[in-house]
Ligand SMILES: Nc1ncnc2c1ncn2[C@@H]1O[C@H](COP(=O)(O)OP(=O)(O)OP(=O)(O)O)[C@@H](O)[C@H]1O
Ligand SMILES: [Mg+2]
């Protein structure tokens, strides 16, 4: 049996080697950022958007000023906890656990490392050295809902959701309100795959939506890349992106995207630390503070009628001014 | 014609020279030499564990000898695998069945052979040839039956057919008659004679000296892995061979103690059951066994004995009727319940029903008592006690094994049987069911087992002895129940019974009133 | 509400989706059936599928020819099968553990290779549906069965082919014998190792194809952990199907059609909690398995290494 255990150990070592990437030098006067991701840096969604945000910070402040490491595919909070402690022990001073599921892990780990700032999101409960960042995803979702409601031919729009929880509920709720506001006749169909990463299932769900008549689709989580690829293969169906501009995946099908300006959020955190605040702040990303951006895909922007654009723009301004508040589920 | 066939045999002379084979803790073969010529039957004789099967597995390419060589027609041949052996014209019927239970008879027989239809199986063609062969040699078996549905005797026929089908020149038969009825043995003898006339060589292993005398041209006797002697069958007799084998004289007659009969320990009432094919196998079987007696069940194999034993042991469901052991109704109860009620069981298929081959001797010994003191203390096993207990049994019953940790599957056939017997008897059950208890045992061991059973009888246990050996039944039983096609034809007391009458009953003939 | 589901075009949609969803299960499970029939338990199917999915995708991305991607998946599957066979048959390692090892290896390696070769989400031109002339015009059945890409047809064809190979050829007979009583096969000169190597490699090739189906015949893309547990479900379906190709077909179709149905139930907004919907295929498959009575013929030597003198 010795031979067996040897093989297993080899495999385990090999696979951890393969998954644990990143790297950098150690020096004390640097900002050292560590990132814990539920999926991968190239998921074309939530994880990738934050990863690119940190790369941009590194670029801006100088590679010699910012040290950056990350761990991927830590969907399971227990594994994530181990990685978080490891980074803290290695002397990282900002540790970002990029997902609402990490809240309780951070609550547990953070008190042991008072000199480290932790951050997680989506969330709003912050502590001594924990920042909570909180994209108001329902705002962009509302605007997407308006586009879909105004442009749909079939009066059917579909949502490809992961599991009915936190971020997804927030987005879907905003989207429904947007549709309802402009076109009460539209049937908004919400369906879930039961997973965040089941790409084939998301693709199949998108196909089912389209077969059932939907001509506008949207959704959240990393699995939607499968849905977007499925949408790309049909004519006359649009996808509305969240987290990131996903138009490179389907240049003619992704109509618009709600994106987050993580650079600004990160800068805020760095600034707080410089002023001696290690955490305890609730950092909201919104259209008003410019940390949520809406971008049309230039390829297909021409297909959006001007009156639709105007209506959306008007609603956007109202949200920014606070005249229109997109409700959240309770 | 025969002359030509004879001369065309690929194996005219086979010699095994100075074969030595060491297993961990056992020197199974020690410079063994045997030889056999075309048209000859060599009988290999020896106690359980003497090394007969090992020697034959070497000849068949299954084991590599540590030293020695094998020559065919004066040429040294390398036999590294069964394929080499088969290619040389050697075929083997193994002591333990080498059959795939989930396959049909014809599938088992053609396994590994090329087909007349290329990559596709030619089962119909093969089945026809099998039917021809089985008619020619009197080895009746349904080619389309699944092996798991067959009785032990039928399975043995399939084994022999497998070798015949491959047209082997040299046949190794490792205890082929151990599972055959005397009638079947009588039918096999002409088959073997026919084969030798055609120039086949046969190596024949058996513990039955009668068969040695009837079938073989010469005998090699092994003891403890060494050749004691090789002699022409015509120059010896049964007593001399027995002495040579076990190294002492054997008893001619057994002393049966006078025992007063006690309570009824087994009561079987109108018992009905079906066989694997769903056909009625037991038809309203009724009898009882009382403390202090041995009831022998005589009959030709396949007449419901297996089902009777299985139903009593709780291994098979009865369709109606009742089984009562020591006053407790155990009909269709789980085996554990039946054991608790006070039954000991020596099963027919000792390697699989009786033991777990991959478990050690100690583990097999405590199989039925692993949850009871003194073997268990609470949920834990007391390993010291287990070791003490196993050691005692192995010594008392003369089980030949290198260590207590040896896997039971590696014991010689006879020693597995002794081990089961040791376990069952020392559990002191009120009632003992012994199905073919001496099948495959050497004459010394057989005598030993018989003595033990008589001891149990004297100690006031009730014993149901299922056996196809009329000799055995006559030696041990107080009463004889004859079973035919699932029915009890008659129950006779031993002094009423004569062989001729029994033979008729076993063939289903009830004597017409004269 | 239910009548919404009973409309013809929806029934057709559900069944056609189910057939398409069943393909990866069918391919992987039929392969694993051969592996297990020979007595080897390969739990690494998921890892092989991931490697097949990745290699098929990457080669297609580079060459633009999905058929070359299929070839790559076959080669990669065969190599991983050889590794599994070496560890479990030659080295006689515990098969459950080596299977898990193989899974982790495939998972890690596929992710790593994707990162260094591609590194971003993109799609390829995969296989397009081929409507079978005449047959695809049959009402209902035409759309359900005869309007898919070739891999779907191929997987369905493999069912009778596997059955014939297993039950009607000399080689299949050896496989069935080796998985139940290897000693018996051995004494008849059948190479137990040879058969087991062959079966493990065949099973792994089919797992590789199952993975490649996901990238080239279904999603047209690759992403981290794309198979999402389908390999493990395939192993379970082998049990469901009682090591028989028709049983495996029934299990794969049942699971997939229930899965398709629950997607449609959600899509149509029927008032069923989504948690029940997504669990339905798993729960109902277990229930169906329990309901199908009969003797289970698990290959008796499954998971047991063979050593003549032991
Ligand atoms: N594979 C094995 N590993 C270890 N020991 C073995 C193995 N096979 C046989 N033995 C031992 O070698 C000895 C000879 O066994 P063998 O089976 O050849 O006896 P046998 O003469 O055929 O006896 P029987 O009449 O009971 O069948 C026995 O002591 C047995 O325990
Ligand atoms: Mg023997």
Unique match (being touching a strand residue (DSSP E or B) at 6+ places or on another chain (Cβ under 7 Å) and surrounded by fewer than 24 Cβ atoms within 10 Å (Cβ to Cβ)) among A:109, A:160, A:186, A:179: A:186
Criterion (within 16 Å of ligand 2 (Cβ to nearest atom) and either outside any loop (DSSP other than H, G, I, E, B) or more than 30 Å from residue B:465 (Cβ to Cβ) (or both)) met by exactly one of B:203, B:228: B:203
Some residue of segment B:83-101 being more than 30 Å from residue B:228 (Cα to Cα), in contact with a strand residue (DSSP E or B) (Cβ under 9 Å, 6 or more places away or on another chain) and more than 16 Å from ligand 1 (Cβ to nearest atom): yes
Single condition residue A:77 does not satisfy, out of (1) within 30 Å of residue C:221 (Cα to Cα); (2) at pLDDT 85 or above: (2)
When residues of segment C:92-139 are limited to those that are at the interface with chain A (Cβ under 10 Å from one of its Cβ atoms) and more than 25 Å from residue C:54 (Cβ to Cβ), the one surrounded by the fewest Cβ atoms within 10 Å (Cβ to Cβ): C:92
Complete set of residues in segment B:424-440 that are under 12 Å from residue B:466 (Cβ atoms) and within 15 Å of ligand 1 (Cβ to nearest atom): B:436, B:437, B:438, B:439
Qualifying positions in segment B:389-406 - within 16 Å of ligand 2 (Cβ to nearest atom) and either within 14 Å of chain C (Cβ to nearest Cβ) or under 21 Å from residue B:455 (Cα atoms) (or both): B:399, B:406
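Working only within segment B:50-76, note down all residues that are over 17 Å from residue B:229 (Cα atoms) and within 16 Å of ligand 2 (Cβ to nearest atom).
Listed by number, the residues that qualify are B:53, B:54, B:56, B:57, B:58, B:59, B:60, B:62, B:63.
Just checking, which of A:56, A:45 is modelled with pLDDT of 55 or more, within 14 Å of chain C (Cβ to nearest Cβ) and in contact with a helix residue (DSSP H, G or I) (Cβ under 7 Å, 6 or more places away or on another chain)?
A:45
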Hits in segment A:122-135 (condition: buried (at least 24 other Cβ atoms within 10 Å of the Cβ) and closer than 23 Å to residue A:176 by Cα): A:135
Residue B:64 vs. criteria touching a strand residue (DSSP E or B) at 6+ places or on another chain (Cβ under 6 Å), over 25 Å from residue B:440 (Cβ atoms) and either surrounded by fewer than 22 Cβ atoms within 10 Å (Cβ to Cβ) or not assigned by TED's automatic domain parsing to the domain that holds residue B:168 (or both): no
Residue among C:188, C:216 that alone is closer than 28 Å to residue B:358 by Cβ and crowded, with 21+ Cβ neighbours inside 10 Å: C:188
Residue within segment B:1-20 that is within 16 Å of ligand 2 (Cβ to nearest atom) and within 14 Å of chain C (Cβ to nearest Cβ) present: no
Search result, residues across segment C:55-91 that are within 16 Å of the chain's Cα centre (by Cα) and within 14 Å of chain A (Cβ to nearest Cβ): C:56, C:80
Filter pass, residue A:230 being closer than 24 Å to residue A:297 by Cα, modelled with pLDDT under 95 and either in a helix (DSSP H, G or I) or within 10 Å of chain C (Cβ to nearest Cβ) (or both): yes
So residue B:409, is it surrounded by fewer than 23 Cβ atoms within 10 Å (Cβ to Cβ), modelled with pLDDT under 85 and within 15 Å of ligand 2 (Cβ to nearest atom): yes
1 or more residues more than 15 Å from residue B:296 (Cα to Cα) and modelled with pLDDT under 85: qualifying helices (runs of 4 or more DSSP H) within segment B:438-514: B:443-458, B:499-506
Which listed residue, of C:212, C:280, C:250, C:291, is away from chain A (no Cβ under 11 Å) and at pLDDT below 90: C:291
Residue in segment A:177-194 that is within 10 Å of chain C (Cβ to nearest Cβ), closer than 20 Å to residue A:38 by Cβ and part of a loop (DSSP other than H, G, I, E, B) present: yes
Residue in segment B:173-184 that is nearest to residue B:137 (Cα to Cα), counting only those that are modelled with pLDDT under 80 and assigned to a helix (DSSP H, G or I): B:184
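Name the helices (runs of 4 or more DSSP H) wholly within segment C:1-72 that hold at least 1 residues that are modelled with pLDDT under 95?
Those helices (runs of 4 or more DSSP H) span C:2-5, C:8-37.
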Lone qualifier among B:119, B:130, B:160 - being assigned by TED's automatic domain parsing to the domain that holds residue B:178, touching a strand residue (DSSP E or B) at 6+ places or on another chain (Cβ under 8 Å) and at pLDDT 90 or above: B:119
Unmet requirement for residue A:91, which otherwise passes all of (1) in contact with a helix residue (DSSP H, G or I) (Cβ under 8 Å, 6 or more places away or on another chain); (2) over 30 Å from residue A:311 (Cα atoms): (1)
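The values are calculated or read from the model by the stated rules, or taken from the named source; none is laboratory data. On a predicted model such as this, the values are computed, not experimentally measured, just so you know. Every residue, glycine as well, gets a Cβ built from its backbone with ideal geometry; the counts of neighbours run over all protein chains shown.
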